[in-house]
1. Using mean Cβ contacts within 10 Å as the protection proxy, how do 227-233, 99-105 order, highest first?
2. List the GluC sites (Glu not before Pro) in the range 188-234 that DSSP assigns to loop (not H, G, I, E or B) and whose Cβ has at most 14 other Cβ atoms within 10 Å. Which are they?
3. Can you tell me, using C-alpha contacts under 8 Å and at least 6 residues apart, the relative contact order of the chain as a whole percent?
4. Identify the GluC sites (Glu not before Pro) of the range 52-96 meeting these criteria: DSSP loop state and at most 12 other C-beta atoms within 10 Å of the C-beta.
5. Could you estimate the translational diffusion coefficient of the chain from the Stokes-Einstein equation, with Rh from the Kirkwood formula over C-alpha pairs, at 25 °C and 0.890 mPa s, in whole µm²/s?
6. Return the sequence-ordered ³J(HN,Hα) values of the range 178-194 in whole Hz as given by the Karplus equation 6.51 cos²θ - 1.76 cosθ + 1.60 applied to θ = phi - 60°, using x for Gly and Pro.
7. Of all DSSP beta bridges located in the chain, what percent are antiparallel, nearest 5?
8. Distance cut-off 27 Å, Cα to Cα: go down the list LYS134/LYS169; LYS69/LYS169; LYS69/LYS119; LYS69/LYS134; LYS155/LYS230 and report the pairs above it.
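Coordinate-derived values only; no laboratory data. Because the structure is a prediction, the values reported are computed rather than measured. Neighbour counts run over all protein chains shown; Cβ positions are idealised from the backbone, glycine included.
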Amino acid sequence: MDARTRTEKLAGFFLELMDLENVTPSLECKVSFKPEQVQKWSQGQAALAIAPPEFDLAKAFRHFCSVAKACQRWQVGPQPVTDELLINLEELSQEQRQELILSLFMVEHKNYKVVEKLKAPAGLLEFIAYNAFKPLLKNYRDLALGQLAISEWFKGYCPICGDQPTLAKLTGEDGHRELYCQRCETSWRYERMGCPYCNEVTPAEASFFTLDDNKQYRVYLCDRCNSYLKTVDERECGEVDLFCEDLATSALDEIAQAEGYQRGNNRLLL
């Protein structure tokens, strides 16, 4: 599949996800951080790991199935969504459905038996969950940001869900760098130099490239962990939506990957 076709399919997929969010009962949650949890967060533990939310598991399962069907229609994901997987999902008992959602969403709660029952690659289930749980994670993020001092977080992973950054941007008059997590759409400040994936700070291990006709884009490369990070310079183009910028810059992914680099530690980034 060429880059243009892939981008078109992803665009159609995300448009359908937006429609699903409009017609699906809101995936809301509740969370309240206790002082000891705030302290753990300030010591470097992501919010989701120390204060998992309460939410409606039945609603989450129905939305998960809807997203799985959208993946099949638009042919997106690391592997195809088969009819067998959709049938196996419907045949799960209520208890198994709850266990599946908890296993894919909650930290420290893995149930491999129910995952194996579906006879699907774990990577595919994670991809579906990644997209299905975004509304819930955004709701959780909004609640968490009202209780945590995110300006004090300078780690290379997301302060809310603990995931790796998807992109970065250079912003403000000083051109400081902010990392962006696509999973829960959180941005946070990070030091200008250094790889957020392996914490490498040696200049000799890092480089970046740009395109002559798109100076607002940079791709930072780390030779220590062989990763790359697409970056948008807002001083060149003004404020942007990083989610959309990721889709629009798939050609940069192809260039970096052709040179042997990968996004993060090879997790399921789009």
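1. On the way: 227-233: 23.1, 99-105: 20.4.
In decreasing order of mean packing, 227-233, 99-105 become 227-233, 99-105.
2. Numbers: sites: GLU191, GLU200, GLU205, GLU234; in loops: GLU191, GLU200.
Here the sparse-neighbourhood loop sites are GLU191.
3. On the way: 395 pairs, mean separation 43.8, N = 270.
Result for the chain is 16 percent.
4. Working: sites: GLU54, GLU84, GLU90, GLU91, GLU95; in loops: GLU91.
Hits after loop and neighbour filter: GLU91.
5. Details: Rh = 19.7 Å.
Result for D is 124 µm²/s.
6. Values, residue by residue: 10, 8, 9, 9, 6, 4, 10, 6, 9, 10, 8, 6, 9, 4, 5, 10, x Hz.
7. Working: 24 of 29 bridges.
Approximately 85 percent, going by the DSSP bridge assignments.
8. Numbers: LYS134/LYS169 21 Å; LYS69/LYS169 33 Å; LYS69/LYS119 16 Å; LYS69/LYS134 16 Å; LYS155/LYS230 18 Å.
In this structure, LYS69/LYS169 exceed 27 Å between Cα atoms.
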